[in-house]
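All remarks here apply to the structure that follows.
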């Protein structure tokens, strides 16, 4: 069986909220995406994880309680594996960097310089296209844009929260959230606690 990080994250979020609609309150996360992820998990397992009734939320089945408990542990282990990104290994090959054409002149040169300095053997190509074209390319590669945004925000949050000089409001802005409350709700959905609590406890061992 193969479960994606996103599927497990959605299952844990739904279990915590007790409702698909509540778990899908944040921007870039739709209820159909959540429902589809849970359907895929249940199809692979051959058992129900949630008892879903219209207007009654989503409650864990006895089997679901065991599964979600294991999913939480897997997610924690996956976050610990982020430490591996600190290993200075040699990266080579070709990387195509897709960039929104209006932003490419401002973002791409600096990003390419940093990549070339870090990994000189990496061959870089910038593909400047419109937003719709970039989405089509991602979809053709099996990548859902909304899920990419979500996972990128999570990874950046794990990095920024280690930077003591950055306020939570600044971190939310860097992640693209207009309000601190929106960032806080997203963070609770990811990990089950506020960014303030997580930073205070020093629980991020991520890069």
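Computed from the coordinates by the stated procedures, all read-outs in this text should not be read as laboratory data. Model, not experiment: these values are computed from the prediction. Positions of Cβ are generated from backbone atoms using ideal geometry, with glycine treated the same way; all protein chains shown enter the neighbour counts.
Fully extending the segment from residue 193 to residue 128, taken as 0.36 nm per residue of separation minus the present Cα-Cα distance, adds 19.6 nm. Dividing the summed -39500 (n - 2.57) terms of all DSSP H runs of n ≥ 4 by the residue count of the chain sets its mean residue ellipticity at 222 nm at -18000 deg cm²/dmol. For the chain, the share of DSSP beta bridges that are antiparallel, to the nearest 5, is 25%. Each peptide in 170-176, 14-20 gets a packing score, the mean of other Cβ atoms within 10 Å over its residues, and the list from highest to lowest is 14-20, 170-176. Against the main long axis of the alpha-carbon atoms of the chain, helix 5-17 sits at an angle near 40°.
Once both labels are positioned 7 Å from their Cα atoms along Cα-to-Cβ, the gap between residue 47 and residue 182 label points is 4.0 nm.
Label zone of residue 137 (point 7 Å out along Cα→Cβ, amide N under 11 Å): in the range 100-119 this covers 100-101.
Considering only alpha-carbon pairs that sit under 8 angstrom and 6 or more positions apart, the relative contact order computed for the chain is 20 percent. When P(r) over Cα pairs in 10 Å bins from 0, in percent is calculated for this entry, the matching label among (1) 9, 38, 40, 12, 0; (2) 7, 27, 34, 24, 7, 1; (3) 8, 34, 36, 18, 4, 1, 0 is (2).
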